[in-house]
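For reference, the structure discussed in these notes is given below.
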Amino acid sequence: MPRRVYGVCLALILFCLWIVVAYGTKPVTEPSATGEFGGVSLKIDYATADPARERGLGGRESVPGDYGMLFVFPRDDTYGFWMKDMLVPIDMFWLDDKGQVVSIVEDAATSTYPFVFYPSAPARYVLETAAGFAKAHGIAPGTPLLLKNFPTVSK
């Protein structure tokens, strides 16, 4: 009987390890959309729940130039972001409840962790893109992110 229990435990442990390897490095995101930002069409993944917001772009070896991750919060606040588990630099844009840029951090380096970046004004959303996006497309405070519908926070 004990051999059988050990075998089942070993199988369960191996299954859990397989899950971590297969899914642990992939972002936990929610439905995606296409938006326009600075005249560029972006494929945008939403991070509306805590697991997705905590993982963010961490673990990715690259971020395409036409991609962004939109972090969605329940209310305006000065949400801080850091570069934990980031493998590539990014640009960060804090947006108000209408989707207009209120604060920008350009070329946030992976080496800045554990420093926390904060916006200069309260925001509802944070958009992360590939580093250099702001400069390449002239993104400045007031630039709108155009989406058909802005997502809300998952309960």
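No lab work stands behind these numbers, since they all come straight from the coordinates. It should be emphasised that the depicted structure is a prediction, and the values quoted were computed from it without experimental measurement. Every residue, glycine among them, receives a Cβ derived from its backbone with ideal geometry; neighbour counts consider all protein chains shown.
Screening the stretch 104-125 for residues that are of a type in the set (G, A, S) and under 16 Å from the mean Cα position of the chain (by Cα) and picking the one that is farthest from L87 (Cα to Cα) gives A123. Among the residues in the stretch 128-146, are any of a type in the set (D, E, K, R) and surrounded by 13 or more Cβ atoms within 10 Å (Cβ to Cβ)? Looking through the stretch 128-146, at least one residue is of a type in the set (D, E, K, R) and surrounded by 13 or more Cβ atoms within 10 Å (Cβ to Cβ).
Does T48 satisfy being more than 21 Å from A140 (Cβ to Cβ), surrounded by 16 or more Cβ atoms within 10 Å (Cβ to Cβ) and hydroxyl-bearing (S, T, Y)? So T48 fits the description; yes. V116 meets the conditions (1) touching a strand residue (DSSP E or B) at 6+ places or on another chain (Cβ under 8 Å); (2) more than 26 Å from G59 (Cα to Cα) in every case but one. The failed one is (2).
Of the residues E128, E54, only one is part of a helix (DSSP H, G or I) and under 11 Å from the mean Cα position of the chain (by Cα); which? Break it down into steps so the answer makes sense when it comes.
Numbers: E128 fails: part of a helix (DSSP H, G or I).
The match here is E54.
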